[in-house]
């Protein structure tokens with residue numbers, strides 16, 4: 001297309017005139033009327049709108065596809081769909097069989113109908129999320145992996161043990177059907193361990209056991225009987241990509257980056273229990289210079305002073321292999337094809353990730369859009385969701401997504417759409433994949449309720465407004481810089497050091513944590529009771545330089561999401577890296593403020609460094625009597641350290657006051673608001689010179705409270721339900737040498753608002 005320079009000049013003059021007139025008419029105080037954000041806030045683009053799972057449970061036709069894709073956009077306000085092909089399954093509610101996708105998955109007929117979806121979506125300007133498998137979890141290709149590539153499926157570490165009393169001559173047959181990993185004898189009384197692997201000949205061990213009580217433990221790797229690939233095995237992942245992702249790329253690459261913008265992986269994790277990888281021993285020995293088989297017993301038993309360090313080493317390596325396996329390789333494929341990878345592990349908000357998927361920060365390190373799974377009931381007030389948004393923030397990811405509403409009651413009311421959305425937004429979510437639309441939406445054909453589309457009479461009327469609400473909110477919340485003054489150390493080494501295999505009373509996945517692990521409880525107290533926001537940080541980030549000490553603050557070095565923290569909280573836990581604690585000590589020495597809760601570390605995550613832990617803790621928090629008495633420890637640079645053995649709302653509030661941690665957002669009326677269905681929360685972000693505050697009231701009670709925001713700000717309320725913008729009366733108050741902007745916040749039940757501020761210009 002040729003450009004006429006005369007026309008260009010003419011239009012430029014007109015535009016400049018319009019801008020000038022706008023300044024004259026509206027003046028400086030109405031900067032938002034001229035703000036480029038305004039139009040997009042009123043009618044956000046499709047990429048900010050909900051993009052629900054579309055479960056293909058039935059016989060697909062071109063006509064049926066076109067109608068449902070159009071209805072999703074025109075009637076529901078959705079910005080696209082996440083296409084989820086299904087096999088026939090039993091209903092979760094009545095046990096009856098429900099239909100799968102026809103034409104059959106990955107056949108030419110299937111791809112033809114998939115092309116219909118893409119064509120219709122492109123025509124109306126909506127998006128498609130490429131789900132990478134049939135059903136869930138990802139990694140089966142409808143059992144092709146199990147049937148054609150069984151050696152690439154998940155592996156399990158087995159231990160076969162025998163108790164014996166020496167002296168005695170032992171003859172024992174070693175595992176022959178599995179991959180033999182070694183055999184160890186451990187003295188039950190002393191913890192002495194002897195590697196007997198080299199004494200195995202023709203699968204038989206002959207050993208003269210010395211005097212004493214011994215456990216003979218033989219270790220082997222076996223197939224776990226899973227239909228899923230070994231997510232830690234790069235060969236397995238590469239095979240899966242070739243059977244799924246590559247097949248879509250061969251046919252639909254013209255839609256990549258415009259209609260298809262994201263991919264979705266589902267429930268990629270460590271289960272079953274004892275999930276293991278063939279390369280673990282070699283990696284352990286290379287990393288730590290120790291014989292791996294001598295430390296395998298620590299995964300089942302206490303082996304003495306090195307127990308916790310051994311568990312941290314093995315389980316940390318497993319977490320690394322998990323993150324560097326499937327999530328990394330899929331992210332690299334997506335990046336090469338102009339897409340963003342998105343997905344989640346199982347149980348991503350549970351008390352521990354160790355047995356589920358390893359470590360949220362290592363798992364999401366490469367994923368372009370970290371996503372949390374928020375199904376199976378309304379989990380209001382759970383701080384575990386902040387782990388995923390904190391991981392996204394740590395790696396400068398502008399979008400944090402959530403899969404939500406799946407397995408909610410079939411008759412879920414419309415208010416629940418908003419309750420959960422607001423809860424998740426206040427914890428860092430800014431993109432939504434509702435669960436979901438169904439191609440055959442008859443109740444008896446839906447095997448996971450509810451139906452979230454215009455075909456559900458209970459929700460049809462509210463969906464357009466809900467979609468607008470989500471879109472406007474996500475538009476405001478995506479990107480920019482999170483503002484929170486408190487960093488809460490994620491106690492991954494304590495969780496790993498506590499974890500062992502095959503305990504007598506095994507708690508459900510994600511719940512096997514030490515009694516002192518209070519990090520989620522402390523997080524909930526901060527946000528739900530004290531209205532003090534925080535961010536989880538990983539202990540390794542203090543060692544690798546991602547977070548450094550600077551003049552009494554901790555600084556997260558990101559290009560966009562550059563954060564600064566006034567306080568570090570060390571939650572209850574007995575195991576911590578000595579290297580991490582050295583950095584924490586340097587932060588304290590430089591004027592940093594530290595709060596520890598419930599239990600201080602006593603064990604090192606590294607081998608042989610327990611004494612350093614004791615010394616460093618004493619140097620920070622003082623002698624044990626001072627710790628137990630709750631004495632405030634200080635230094636000449638202004639550093640402060642305080643231990644609170646019994647954290648609750650009162651003791652935490654008192655500790656924050658003693659440490660001088662003023663709130664960034666001061667909720668003047670701190671009455672605990674909890675009606676049984678929600679809480680009051682907020683999130684603060686900065687973008688393009690604006691302070692953006694999202695306030696959420698998911699309770700059944702109306703809320704009114706004065707609020708004070710740090711700085712002198714001109715405020716406006718941006719209504720995510722209507723798109724309207726209105727000025728907010730406010731006054732400047734000064735306290736302790738700081739200026740705050742004070743206004744009255746009123747939020748009806750199950751409502752939220754954005755308060756947008758800009759620094760006041762000098763008069």
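Computed from the coordinates by the stated procedures, all read-outs in this text should not be read as laboratory data. Small disclaimer: the values here were computed from a predicted structure and weren't measured. Ideal geometry is used to build each Cβ from the backbone, glycine not excepted, and the neighbour counts take in all protein chains shown.
Full-extension gain between residue 286 and residue 40, please, as 0.36 nm times their residue separation minus the C-alpha to C-alpha distance. Using 0.36 nm per residue and subtracting the Cα-Cα distance, I get 83.2 nm.
Sorting 499, 376 by the number of Cβ atoms found within 10 Å of their own Cβ, with the fewest placed first, yields 376, 499.
The DSSP beta bridges internal to the range 482-661 are antiparallel in roughly 35% of cases. For the chain, the mean residue ellipticity at 222 nm estimated from helices alone is -8500 deg cm²/dmol, where every DSSP H run of n ≥ 4 contributes -39500 (n - 2.57) and the total is divided by all residues, rounded to the nearest 500. Remark: 37, 333 ranked as 37, 333, counting other beta-carbon atoms within 10 Å and listing the fewest first.
Hey, with R₀ at 35 Å, roughly what FRET efficiency would residue 411 and residue 543 work out to, going by the Cβ-Cβ distance, to 0.05? For R0 = 35 Å, the calculated efficiency reads 0.10. Taking every C-alpha pair closer than 8 Å and separated by at least 6 residues, the mean separation divided by the residue count of the chain gives a relative contact order of 11 percent. Between the range 689-756 and the range 565-613, the alpha-carbon centres lie 37 Å apart.
Per-peptide packing, taken as the mean over residues of other Cβ atoms within 10 Å, places 89-101, 38-50, 230-242 in the sequence 230-242, 38-50, 89-101 from highest down. In plain terms, the chain from residue 168 to residue 702 could stretch by 184.6 nm, reckoned as 0.36 nm per residue minus the Cα-Cα distance.
In a fully extended conformation the segment linking residue 67 and residue 208 would gain 43.1 nm over its present Cα-Cα distance, using 0.36 nm per residue. On the beta carbon distance between residue 161 and residue 619, with R0 = 45 Å, the FRET formula returns roughly 0.60.
Summary of the geometry: the range 425-475 and the range 99-153, compared by the centres of their Cα atoms, lie 22 Å apart. Return, ordered by residue number, the residues of the range 326-341 whose backbone nitrogen is under 18 Å from a label point located 7 Å along Cα→Cβ of residue 238. Residues passing the 18 Å test: 326-337. Using a simple spin-label model with pseudo-atoms 7 Å out from Cα toward Cβ, residue 190 and residue 75 lie 7.7 nm apart. Across the range 732-763, the residues whose backbone nitrogen lies under 14 Å from the label position 7 Å along the beta-carbon direction of residue 668 are 732-735, 740-746. Between residue 440 and residue 324, the simple label model (points 7 Å from Cα in the Cβ direction) yields a spacing of 4.6 nm. Given a cut-off of under 8 Å on Cα pairs at least six residues apart, what relative contact order in percent is computed for the range 364-421? Relative contact order for the range 364-421 comes out at 46 percent. If a spin label sat at a point 7 angstrom from the Cα of residue 201 along the line to its beta carbon, the backbone N atoms of the range 169-184 nearer than 14 Å would be those of 171-172. Beta bridges from DSSP with both residues in the chain: antiparallel share about 65 percent, rounded to the nearest 5. Kirkwood's formula applied to the C-alpha pairs of the chain gives a hydrodynamic radius of 28.3 angstrom. Given a Förster distance of 30 Å, report the FRET efficiency between residue 659 and residue 733 from their Cβ-Cβ distance, rounded to the nearest 0.05. With a Förster radius of 30 Å, E is 0.85.
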